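The values are calculated or read from the model by the stated rules, or taken from the named source; none is laboratory data. From a predicted model like this one, the values you see are computed outputs, not experimental measurements. A quick note on method: Cβ atoms are made from the backbone with ideal geometry, for glycine too, and the neighbour counts reach across all protein chains shown.
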Amino acid sequence: MGRTPTGAAVLQAEVTQAITEAVLRELADQGYGRLSMEAVAKRAGVGKSALYRRWRSKQEMVTAVVAEFSVPRADLEDTGSLRGDLRVTMRAVLDWLTHPLFSRILPDLVAEGARNPEMADSTRTSIGGPRRDLAEVMLRRAIDRGELPADLDVEMALDVLAAPIYWRLLVRQAPAGPDYLDRLVEYALRGLGARAT
């Protein structure tokens, strides 16, 4: 039986959590361009060396922290039906995009990606790619269950699932009313050519 971590091991996890929170808060308050390792360290109550032991650069730190925040929110259980999976997935996307900190971070990261191709590639590889991979698993399950056509254009379908929520919340800055997700799920089912099972 393993020993319960104490001392330095517990402190290490607490330090990492403090740094993670500091990165997200600095990103929300200052944006990527004005974020500094010094400010993150100060907010976390650690020395800069604690950051550099974990990441080699600001970009690596931001990408890792945002990925750690974002990717698990797309890893959802199989509900047994495409309709159920879509509802849970779209709810998770809505919650992700309306999170009090992240709703202020994402627009800045998108803008930074337009100016900084290396940052865009890092974000796409560490966050967008893994989130899409998880959504693809959901679509493949639906194909296997016979709910979606075998020749579904999965790449296009993945765009169709998240784009309306992103567009409504971040671009139009319009509210998502109480029945928005239910209506969106029904629309997506029709658009994907879902079959009644």
What residue, of ARG168, ARG141, is in a helix (DSSP H, G or I) and under 16 Å from LEU76 (Cβ atoms)?
ARG141
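Please find, among SER49, SER81, SER70, SER36, the residue that is hydroxyl-bearing (Ser, Thr, Tyr) and under 30 Å from ALA196 (Cβ atoms).
On the way: SER49 fails: under 30 Å from ALA196 (Cβ atoms); SER70 fails: under 30 Å from ALA196 (Cβ atoms); SER36 fails: under 30 Å from ALA196 (Cβ atoms).
None of the others qualify; the one that does is SER81.
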Checking ASP85 against (1) within 18 Å of LEU158 (Cβ to Cβ); (2) among the acidic types (Asp, Glu); (3) touching a Gly at 6+ places or on another chain (Cβ under 9 Å), which single condition isn't satisfied?
(3)
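The rows are residues; the columns are (1) surrounded by 11 or more Cβ atoms within 10 Å (Cβ to Cβ); (2) over 22 Å from ASP78 (Cα atoms); (3) assigned by TED's automatic domain parsing to the domain that holds VAL88; (4) not β-branched (Val, Ile, Thr).
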{"site": "GLU155", "(1), (2), (3), (4)": "no, no, yes, yes"}
{"site": "LEU158", "(1), (2), (3), (4)": "yes, no, yes, yes"}
{"site": "ALA162", "(1), (2), (3), (4)": "yes, no, yes, yes"}
{"site": "PRO178", "(1), (2), (3), (4)": "no, yes, yes, yes"}
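Restricting the search to region 96-154, which residues are hydrophobic (A, V, I, L, M, F, W, C) and farther than 30 Å from ALA194 by Cα? Even if it seems obvious, please write down each step before you answer.
Within region 96-154, the subset hydrophobic (A, V, I, L, M, F, W, C) is 96-97, 101-102, 105-106, 109-111, 114, 119-120, 127, 134-135, 137-139, 142-143, 148, 150, 152, 154.
Within region 96-154, LEU101, PHE102, ILE105, LEU106, LEU109, VAL110, ALA111, ALA114, MET119, ALA120 qualify.
Report, by residue number, each residue of region 100-112 that is crowded, with 17+ Cβ neighbours inside 10 Å and closer than 21 Å to GLY177 by Cα. Walk me through how you get there before you give the answer.
Looking only at region 100-112, we keep the residues that are crowded, with 17+ Cβ neighbours inside 10 Å, and these are 102, 105-106, 108-109, 112.
Matches in region 100-112: PHE102 only.
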For PRO149, which of the numbered conditions (1) closer than 15 Å to SER81 by Cα; (2) at pLDDT below 95 fails to hold?
(2)
Would you tally the residues in region 117-139 being over 13 Å from the mean Cα position of the chain (by Cα), more than 17 Å from GLU26 (Cβ to Cβ) and in contact (Cβ under 8 Å) with a residue 12 or more places away in the chain?
5
Yes/no for PRO178 being free of Cβ contacts under 8 Å to residues at least 60 places away in the same chain and in a loop (DSSP other than H, G, I, E, B):
yes
Residues that are farther than 23 Å from LEU169 by Cβ and not acidic (Asp, Glu): list the helices (runs of 4 or more DSSP H) wholly contained in region 34-124 that include at least 1 such residues.
37-44, 48-52, 58-70, 82-98, 117-123
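Go through region 24-44 and give me each residue that's among the small types (Gly, Ala, Ser) and either touching a residue at least 60 places away in the same chain (Cβ under 8 Å) or closer than 20 Å to ASN116 by Cβ (or both). Explain how you work it out, then say what you get.
Quick first cut of region 24-44, residues among the small types (Gly, Ala, Ser) only: 28, 31, 33, 36, 39, 41, 44.
Result: ALA28, GLY31, GLY33, SER36, ALA39.
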